[in-house]
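Engineer: One structure, as structure tokens, below. Some questions next.
The values are calculated or read from the model by the stated rules, or taken from the named source; none is laboratory data. Quantities reported herein were computed from a predicted structural model and do not represent experimental measurements. Note that each Cβ is placed from the backbone with ideal geometry, even for glycine, and that neighbours are counted across all protein chains shown.
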Amino acid sequence: MIGKQYDSRAALCDALRAGGATALDDLDDAFWRLADQGYARFLQAFAWVLPYRHRLPDWAQTIAVSKTIQTLLKTKGLSRTTPTALQVELAALGPLAPPVADFRARMLQVVEQEAAKLPAGVTYLASSDIIESIFGHYKTFTNRGPLKEVGRLVLLIPAFLSDLSAPLIREAMESVRSLDVQQWLDKTLGPSMLARRRRALQPVSKTA
């Protein structure tokens, strides 16, 4: 019966009744045979982990400490108050194994040393991931254009860093003149690539 296909459930039931106890024995043998095959495949993939299983809890705690530090630095930046905030976050992880507690202490020491170098009341970027993400958003937005350049749309980058609201947009429009923006663009970026191309390809006018 094992390995044979049946057209319907009724046909399978009839075959089981006809086979009786022999069919049940076959099914039992097939189950354990498949279980042994699954266990063999598991060992093939993960047998190397077994000698380290007593270390896995420590590694899991180490990863949790590392991710907690990374998340806070990436989302909140680095400032004089970062070490205190980090201690609060790490305390929520609960008791740690001695090697992990030592790792946490060393990481806190590094953060405290770097934070002490900063002016009071100032927050600095602590990871290049944010910059990479910002320019990734910028590239995604500009992919719709025919020309790839850092042009006037670079002014969109601040919009990726803040929560836009109607009052904030109104304040920006009331405090910054379009003329000032245009002058900054002309001075900083100059003509766009498309404008330069048009200028280079336009026919030369003949003078009498």
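Engineer: Using beta carbons and a limit of 9 Å, which pairs, at least six apart or on different chains, have the first residue in the range 181-207 and in the same structural domain as Thr142 (by TED's automatic domain parsing) and at pLDDT below 80 and the second one among the polar types (S, T, N, Q) and surrounded by 11 or more Cβ atoms within 10 Å (Cβ to Cβ)?
Structural biologist: Sorted first by the residue in the range 181-207, then by its partner, the list stays empty.
Engineer: Go over the candidates Arg177, Arg196, Arg106, Arg144 one by one and state the one that is among the charged types (D, E, K, R) and surrounded by 11 or more Cβ atoms within 10 Å (Cβ to Cβ).
Structural biologist: Details: Arg177 fails: surrounded by 11 or more Cβ atoms within 10 Å (Cβ to Cβ); Arg106 fails: surrounded by 11 or more Cβ atoms within 10 Å (Cβ to Cβ); Arg144 fails: surrounded by 11 or more Cβ atoms within 10 Å (Cβ to Cβ).
Sole residue among the options that is among the charged types (D, E, K, R) and surrounded by 11 or more Cβ atoms within 10 Å (Cβ to Cβ): Arg196.
Engineer: Run Thr75 past the list (1) surrounded by 13 or more Cβ atoms within 10 Å (Cβ to Cβ); (2) modelled with pLDDT under 95 and report the number of the one that doesn't hold.
Structural biologist: Here Thr75 clears every test but (1).
Engineer: State whether one or more residues within the range 117-138 are basic (Lys, Arg) and assigned to a loop (DSSP other than H, G, I, E, B).
Structural biologist: First, the residues of the range 117-138 that are basic (Lys, Arg): 117.
In the following step, the residues that additionally are assigned to a loop (DSSP other than H, G, I, E, B) were identified as 117.
Taking every residue of the range 117-138 in turn, at least one turns out to be basic (Lys, Arg) and assigned to a loop (DSSP other than H, G, I, E, B).
Engineer: While we're here: Only one of these is over 26 Å from Pro158 (Cβ atoms), loosely packed, with under 15 Cβ neighbours inside 10 Å, in contact (Cβ under 8 Å) with a residue 12 or more places away in the chain and not acidic (Asp, Glu): Pro95, Pro99. Name it. Spell out how you get there, then give the answer.
Structural biologist: Working: Pro95 fails: in contact (Cβ under 8 Å) with a residue 12 or more places away in the chain.
Going through Pro95, Pro99 in turn, the sole match is Pro99.
Engineer: Which residue out of Ala40, Ala45, Ala64, Ala92 is modelled with pLDDT under 95, under 29 Å from Ser128 (Cβ atoms) and not basic (Lys, Arg)? I'd like the intermediate steps shown before the answer.
Structural biologist: Working: Ala40 fails: under 29 Å from Ser128 (Cβ atoms); Ala45 fails: under 29 Å from Ser128 (Cβ atoms); Ala64 fails: modelled with pLDDT under 95.
Going through Ala40, Ala45, Ala64, Ala92 in turn, the sole match is Ala92.
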